[in-house]
Amino acid sequence: MSRILDGTAVSRQIKSEIAARAANLKRRGIQPGLAAVLVGDNPASAVYVKNKVQTCAELGIYSRRLDFPVAISTAELLDQIRILNHDDGIDGILVQLPLPSQIETRLILDAVDPQKDVDGFHPENVGRLCANLPGLRPCTPAGIMELLKRERIEVRGKEAVVIGRSDIVGKPLALLLLHESATVTICHSKTVDLPGVCRRADLLCAAMGRPGFVTPDFVKSGAVLVDVGINRISDELQAEKFFAGSARMDNFRARGSVLIGDVHPQCYAVVSAYTPVPGGVGPLTIAMLMANTVQAAMLRRGWF
Ligand code: NAD
């Protein structure tokens, strides 16, 4: 029988700890503050930002949402980032991605003060992660590590395979696992014999953005499976392929779409533990953003 790694429960735990830390800081006259920068009217981005702002309010973190028109130029957005860098009420700056195509995203991310870089995307924080020095870590990989730790999943000495080499998830996750003494392999779209490489894994992490791509032939019996993918499918035949006969199909019919990770649900029977989608890695990302904001508030004051 495989164990479900309940990201919702763990994120609740983390958030209550963060609320307590924020309350402690408040007693010292400090309220951590997060600025959420949203450009344009991408509905998914708007939902993400709304959730982040709402979570700040729940935890006693100050937040400010800044909305900019879709046609804003790189130079104008850079000016706004510089203003936030110098704003003493703001400890964390979050730039919601993706930005419109005319914006040079790299320039914007590089302009964020590394001490306020709560997404951990600035090259200084990437370097700190690489060298295993203290710094702000990208939220999704940090959340996965926190989940593994709290669920007492041993990483040290284990074969870990990460599918996906993005700067946001795959690469930083591989580095964090390496720093915890896993033997790490990173796979990507050019990897030869992907199922064969994945079958070596004691810990298999899928972060590719391909619905249900990881099938049981990728998985060693008894492995731990971390599914980072979040894919929405609205095609009934595709939904049937993954969820025929399960309650998720009723869900699909009621809503016209359903979420699936990068892992085919058939894998759940083969593994010892897995993160479900939804309710696995997703909720941890936002919890770690809150944790990073409080950490940034302390870092900036030299309290770490
Ligand atoms: P990305 O598109 O930047 O990177 C995908 C990676 O997967 C690439 O490195 C690519 O080489 C690899 N890949 C793609 N197809 C492959 C294939 N057929 N075989 C092997 N490798 C393949 O995506 P990302 O930003 O890293 O996100 C990955 C997934 O994680 C997406 O579904 C995204 O929605 C999800 N995500 C979830 C959270 C969360 O909070 N749970 C956060 C960030 C991203």
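For first residues located in the stretch 183-197 and open to solvent by less than 30 Å² (accessible area, probe 1.4 Å), partners that are more than 9 Å from the ligand (Cβ to nearest atom) and at pLDDT 95 or above and lie 6+ apart or on another chain with Cβ distances below 8 Å form the pairs C187/V161; C187/V162; C187/V197; C187/C198; L194/F218; V197/V161; V197/T185. Only a single criterion out of (1) open to solvent by less than 10 Å² (accessible area, probe 1.4 Å); (2) within 10 Å of the ligand (Cβ to nearest atom) is not satisfied by A239, namely (2). Taken over the stretch 4-18, the residue count meeting the criterion of being surrounded by fewer than 20 Cβ atoms within 10 Å (Cβ to Cβ) and touching a Phe, Trp or Tyr at 6+ places or on another chain (Cβ under 8 Å) is 1. Just one of (1) under 29 Å from R150 (Cβ atoms); (2) open to solvent by 80 Å² or more (accessible area, probe 1.4 Å); (3) outside any loop (DSSP other than H, G, I, E, B); (4) out of contact with any Pro (no Cβ under 9 Å at 6 or more places or on another chain) fails for R210. It is (3).
With a requirement of 1 or more residues that are over 21 Å from the mean Cα position of the chain (by Cα), the strands (runs of 3 or more DSSP E) lying completely within the stretch 1-114 that satisfy it span 62-68. I'm checking my understanding of the structure. Among residues of the stretch 209-232 that are more than 12 Å from the ligand (Cβ to nearest atom) and touching a strand residue (DSSP E or B) at 6+ places or on another chain (Cβ under 6 Å), which one is farthest from G143 (Cα to Cα)? Among those that are more than 12 Å from the ligand (Cβ to nearest atom) and touching a strand residue (DSSP E or B) at 6+ places or on another chain (Cβ under 6 Å), it is A223. When I230 is tested against (1) more than 23 Å from C205 (Cβ to Cβ); (2) open to solvent by 40 Å² or more (accessible area, probe 1.4 Å), just one condition goes unmet, and that condition is (1).
Condition check ((1) open to solvent by 80 Å² or more (accessible area, probe 1.4 Å); (2) in the same structural domain as E104 (by TED's automatic domain parsing)) across all residues:
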{"position": "A20", "(1), (2)": "no, no"}
{"position": "L38", "(1), (2)": "no, yes"}
{"position": "P43", "(1), (2)": "yes, yes"}
{"position": "C56", "(1), (2)": "no, yes"}
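Tell me, please, whether a residue that is free of Cβ contacts under 8 Å to residues at least 60 places away in the same chain, more than 10 Å from the ligand (Cβ to nearest atom), more than 30 Å from E236 (Cα to Cα) and of a type in the set (A, V, I, L, M, F, W, C) can be found in the stretch 286-304. Yes, the stretch 286-304 has at least one match. Filtering R200, R128 for residues that are part of a helix (DSSP H, G or I), open to solvent by 20 Å² or more (accessible area, probe 1.4 Å) and more than 11 Å from the ligand (Cβ to nearest atom) leaves a single hit, R128.
Yes or no, residue by residue, for (1) surrounded by fewer than 20 Cβ atoms within 10 Å (Cβ to Cβ); (2) within 14 Å of the ligand (Cβ to nearest atom); (3) assigned to a loop (DSSP other than H, G, I, E, B):
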| position | (1), (2), (3) |
| --- | --- |
| A142 | no, yes, no |
| E154 | yes, no, yes |
| G157 | yes, no, yes |
| V161 | no, yes, no |
| I168 | yes, yes, yes |
| A174 | no, yes, no |
| L178 | yes, no, no |
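The residues of the stretch 250-275 that are assigned to a loop (DSSP other than H, G, I, E, B), under 18 Å from I144 (Cβ atoms) and away from the ligand (no atom under 14 Å from the Cβ), listed by number, are V271, S272. Selection of first residues in the stretch 215-238 that are closer than 15 Å to V197 by Cβ and among the basic types (K, R) and of second residues that are open to solvent by 40 Å² or more (accessible area, probe 1.4 Å) and within 16 Å of the ligand (Cβ to nearest atom), restricted to Cβ pairs under 8 Å at least 6 apart or on distinct chains, gives the following pairs, ordered by first then second residue: K220/R199; K220/R200.
The values are calculated or read from the model by the stated rules, or taken from the named source; none is laboratory data. Given the structure is predicted, the values throughout are model-derived calculations rather than measurements. Positions of Cβ are generated from backbone atoms using ideal geometry, with glycine treated the same way; all protein chains shown enter the neighbour counts. Surface accessibility is based on the protein's heavy atoms, side chains included, excluding ligands, DNA and RNA. Shrake-Rupley method; radii C 1.70, N 1.55, O 1.52, S 1.80 Å.
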